[in-house]
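Comments concern the structure below.
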Amino acid sequence: MYPVPQISEDTIRAQGALIERFESHIRAKDFPCVGAKSALARRQMQFFVAGDIRCPRDDVALYDAIRDFAQNFKGAPEPFQTFVVLFDMGERLSEEAFETALWKRLEALEGIDAARGQAYDPRVSSDPEDATFSLSFGGEAFFVVGLHPGASRAARRFEVPVLVFNAHDQFETLRKEGRYDTMRETILKRDEAYSGSINPMVARHGEISEARQYSGRMVDDSWRCPMRQIHHS
């Protein structure tokens, strides 16, 4: 058995400071995503700090944390619960490089999920080209939002790469309560004001694969998801 690496107090403090800066970023008056603001205000935003987004070192620990989040969400599927992964790295990536790294991490996490014998959420498709595609961890479907310093849209920028995991079921709850469309329109208007233009990449679930929205990069109809389809048992 290998010894479990100990995290130094300096590292813990640095990670805490990074989380605090992200929380301040979300709290900023003009930040457009009111869903993220609600998750933070309700203390329903959980964090995981990893290293370089291009490195697989933290994949297993990250997967375990996402799976636990998914299981806890199933026990109390209320809206505005969010799992945030902050990749503490100094190098600034281009939009293409960030997109590549994002899908490598997501494919690795999906592979672990399949290897652990987790069934794919039957409410969504595992095919990234399908209009009803979503990721699935612990049997729960997720929509991912990526942020990074090199993002062309202001709403997708932060000092380090970030992956925000939102459970799909909470959007269905908002739809049933008649709150989804109002919240969506509010976010779109706030994003237009924040970024200076309408986001052409936003689509409703079931209209076109959400995979093209994850990285935040502008893509056209010729874009194909770089993640291979993971076959779950």
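A few remarks follow.
- Residue check for Phe69: among the hydrophobic types (A, V, I, L, M, F, W, C) and either farther than 23 Å from Arg190 by Cβ or without any contact (Cβ under 8 Å) to a residue 24 or more places away in the chain (or both): yes
- Qualifying residue in region 49-59 (condition: assigned to a helix (DSSP H, G or I) and free of Cβ contacts under 8 Å to residues at least 24 places away in the same chain): no
- Flag if Leu109 is at pLDDT 95 or above and not in a helix (DSSP H, G or I): no
- Count of residues meeting criterion [loosely packed, with under 10 Cβ neighbours inside 10 Å and part of a loop (DSSP other than H, G, I, E, B)] in region 7-33: 3
- Among the residues of region 149-170, those that are closer than 17 Å to Ile53 by Cβ, touching a Gly at 6+ places or on another chain (Cβ under 9 Å) and touching a residue at least 60 places away in the same chain (Cβ under 8 Å) comprise Ala151, Arg156, Val160, Pro161, Val162, Leu163, Val164.
- Filtering region 45-66 to residues that are closer than 16 Å to Ala101 by Cβ and charged (D, E, K, R) leaves Asp52, Arg54, Arg57, Asp58, Asp59.
- When every residue of region 64-87 is checked against the conditions, at least one turns out to be under 30 Å from Phe171 (Cα atoms), within 15 Å of the chain's Cα centre (by Cα) and basic (Lys, Arg).
The values are calculated or read from the model by the stated rules, or taken from the named source; none is laboratory data. All figures in this text were calculated on a predicted structure; none of them were measured in a lab. In this analysis, Cβ positions are derived from the backbone assuming ideal geometry, glycine residues included, and neighbour counts consider all displayed protein chains.
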